[in-house]
1. From 175, 152, grab the single residue that is within 25 Å of the chain's Cα centre (by Cα) and loosely packed, with under 15 Cβ neighbours inside 10 Å.
2. Starting from the range 44-59, keep only residues that are small (Gly, Ala, Ser) and open to solvent by less than 40 Å² (accessible area, probe 1.4 Å), then list their pairs with residues that are assigned to a loop (DSSP other than H, G, I, E, B) and at pLDDT 95 or above whose Cβ atoms are within a distance under 6 Å, requiring at least 6 positions of separation or different chains.
3. Can we say residue 204 is more than 22 Å from residue 33 (Cβ to Cβ) and open to solvent by less than 60 Å² (accessible area, probe 1.4 Å)?
4. If I ask for residues that are over 18 Å from the mean Cα position of the chain (by Cα), assigned to a loop (DSSP other than H, G, I, E, B) and under 23 Å from residue 132 (Cα atoms), which ones from the range 66-104 would you list?
5. Output the residue which, of all residues in the range 208-230 that are in a loop (DSSP other than H, G, I, E, B) and more than 16 Å from the chain's Cα centre (by Cα), is nearest to residue 155 (Cα to Cα).
6. Just to be sure before I move on: is residue 128 free of Cβ contacts under 8 Å to residues at least 40 places away in the same chain, more than 30 Å from residue 193 (Cα to Cα) and of a type in the set (Gly, Ala, Ser) in the structure I sent?
7. Please go through the range 216-249 and give me each residue that is of a type in the set (D, E, K, R), surrounded by 20 or more Cβ atoms within 10 Å (Cβ to Cβ) and more than 19 Å from residue 29 (Cβ to Cβ), ordered by number.
Amino acid sequence: MKSLLLAPILFCLSLPLLAASAGNPVKGEEIFQQCAICHNLGVDADNSVGPNLNHLFGRRAGSVEGANYSEAMQAKGSAEEPLIWNEKTLFLFIAGPERYVPGTIMGFEGLRTEKEINNVLAYLLQFSPAYEAGSLLAVDPAVAASTPLPEIDSTMQDEPAPEFTEEFLSSATAIENGGEHWAKQCRHCHGNSAYPGKAPKLQPSAYTADFVFDRITNGFRKMPAWKAVFTLEERKELVANILSSEFAP
């Protein structure tokens, strides 16, 4: 019985080590594109829908000036023992934002696997040069602000746009799969119940397949590129769903 009770505790204690040592930042950049819809990162990055993630590790929750935070997140950061973002706390938050900070306005259910989370943490850690990996300690905001960010080249690749056939666009399988992708990633910004002011509702009757694919793949204005989040086939399936009579925002 004791070993069963200790297992979750030992797992939590091992999170910082796992995140610091087992993550792949290249894979993390690919997964981070899911986060880029709301968060900017890198030299000259500013706040977007959510706070920028430069100097994230060692930072007090809810403390980026000018960022849009929920009352719940502000309370976490202003508590007597404030929430500090580090390998452990970020792992738990990314695994389930609403579970870790009930009341957060972050519209993301969380990553599914330990490997995915560790990869994202490894990528993000590169942009917190004032933080000592694995220390779990807070970083003085003045020290973080005065520490230059590294110049990190992206590994993302461009690709040609595909051709869309009537057979594919009318495929029940493609339409169904596209609906699943839409529900997972797109509805919280473009759907009928989208957060106010986030993004316009779509007007499929006015779009061509190439137009929709380009928007999904390369982004537009504040909408980020989703080419690293969805595979080529998944983006094609999204197009099929959006242009179909089954589309339900």
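1. Numbers: 175 fails: loosely packed, with under 15 Cβ neighbours inside 10 Å.
Result of the check over 175, 152: 152.
2. Final answer for the pair search is 45/52; 45/54; 58/131; 58/138; 58/139.
3. Values: more than 22 Å from residue 33 (Cβ to Cβ): yes; open to solvent by less than 60 Å² (accessible area, probe 1.4 Å): yes.
The answer is yes for residue 204.
4. 81, 82, 83
5. Residues of the range 208-230 in a loop (DSSP other than H, G, I, E, B): 208, 219, 221-222, 224-230.
With the extra rule that they be more than 16 Å from the chain's Cα centre (by Cα), the set shrinks to 208, 221.
Numbers: 208: 30, 221: 22 Å.
My answer is 221.
6. Values: free of Cβ contacts under 8 Å to residues at least 40 places away in the same chain: no; more than 30 Å from residue 193 (Cα to Cα): yes; of a type in the set (Gly, Ala, Ser): yes.
Answer is no for this residue.
7. 236, 237
The values are calculated or read from the model by the stated rules, or taken from the named source; none is laboratory data. Fair warning: this is a prediction, and the values are worked out from it, not measured in the lab. We place every Cβ from the backbone using ideal geometry, glycine too, and count neighbours over all the protein chains shown. For the accessible areas, the whole protein counts, side chains as well, though only heavy atoms, and no ligand, DNA or RNA atoms are used. Shrake-Rupley method; radii C 1.70, N 1.55, O 1.52, S 1.80 Å.
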